């Protein structure tokens, strides 16, 4: 599925190139990211081996890294046109992020972790954040763990908190970086099923980075990042 001509794509990446550093021959190491358009609610797996540029792609899409060339638009907004403060607000409103290592706040309870995520983007009024957090924590099966701290949770429970935090603000786009990498197969399946169910309910697009063929098969569409990293020759000087 791709976006129709009448409807702007949820995600548009075209001609994106990121300078990663220098090689030993005086040239540049660059990531030439694959072009991609996603429609609202679409699920896409971004595949390829470790070190091929998949995480760089997510960082570009989320606005954490500005490409040296090319265009990136999310929900019709050109990320390059936003200043850092505006980009932070936009990210909080439009994008949820699930990391392999969860990135939970260890001094915060389960409930407070999700409420903290709702502060970004100011999409949910302060007086409604607790109720929104309670609702989604119930949906991921953690209503009995509201006051628990991350170090008291199982690995699977931590991932479910991360999923709840990412989707509590009803974003347009969910980004997930190896979301099952730290989980055993059973917990991984449960996490993926939760993301599938919640994204379908919210009509939220889902771009998932993975090198796990078993996970990639669950996605209706996949895009390869395998050939993204290139090492350029240094230009000759006269």
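FYI, it's all coordinate maths here, none of it is from the lab. Being a predicted model, the structure only gives us computed values, none of them experimental. Here the Cβ is made from the backbone with ideal geometry for all residues, glycine too, and neighbour counts use every protein chain on show.
In the range 125-174, Rg over Rh equals 0.97, where Rg is the alpha-carbon radius of gyration and Rh the Kirkwood radius from pairwise Cα distances.
The C-alpha atoms of the chain define a longest principal axis, and helix 185-202 lies at about 90 degrees to it. Convex hull volume per residue, computed on the Cα atoms of the range 31-149, equals 147 Å³. The calculated FRET efficiency for residue 138 paired with residue 25, based on their beta-carbon distance and R0 = 45 Å, is about 0.20. In terms of overall dimensions, the chain has a Cα radius of gyration and Dmax of 18.6, 71 angstrom.
Sorted fewest first by neighbouring Cβ atoms within 10 angstrom, 219, 57, 108 come out as 108, 219, 57. For the range 163-236, the Kirkwood hydrodynamic radius comes to 14.1 Å, computed from all pairs of different C-alpha atoms. Can you give the angle from 0 to 90° between the axis of helix 129-139 and the longest principal axis of the chain, with both taken from C-alpha atoms, to the nearest 10? In the chain, helix 129-139 runs at an angle near 90 degrees to the longest axis. With a Förster radius of 41 Å applied to the beta-carbon distance between residue 80 and residue 213, the computed FRET efficiency rounds to 0.75. The value obtained for the range 1-92, namely the Cα convex hull volume divided by the number of residues, is 115 Å³ per residue.
Based on alpha-carbon atoms, the Kirkwood radius and the radius of gyration of the range 5-48 give Rg/Rh equal to 1.17. On full extension, the segment bounded by residue 148 and residue 116 gains 10.0 nm, given 0.36 nm per residue less the C-alpha separation.
Once you reduce the range 179-215 and the range 56-84 to the center of their Cα atoms, the two points are 24 Å from each other.
Only Cα pairs under 8 Å and at least 6 apart count here; give the relative contact order of the chain as a rounded whole percent. List each step's numbers first, then the result.
On the way: 462 pairs, mean separation 73.7, N = 238.
With pairs under 8 Å counted, the relative contact order is 31 percent.
Cβ crowding within 10 Å ranks 161, 192 as 192, 161, fewest other Cβ atoms first.
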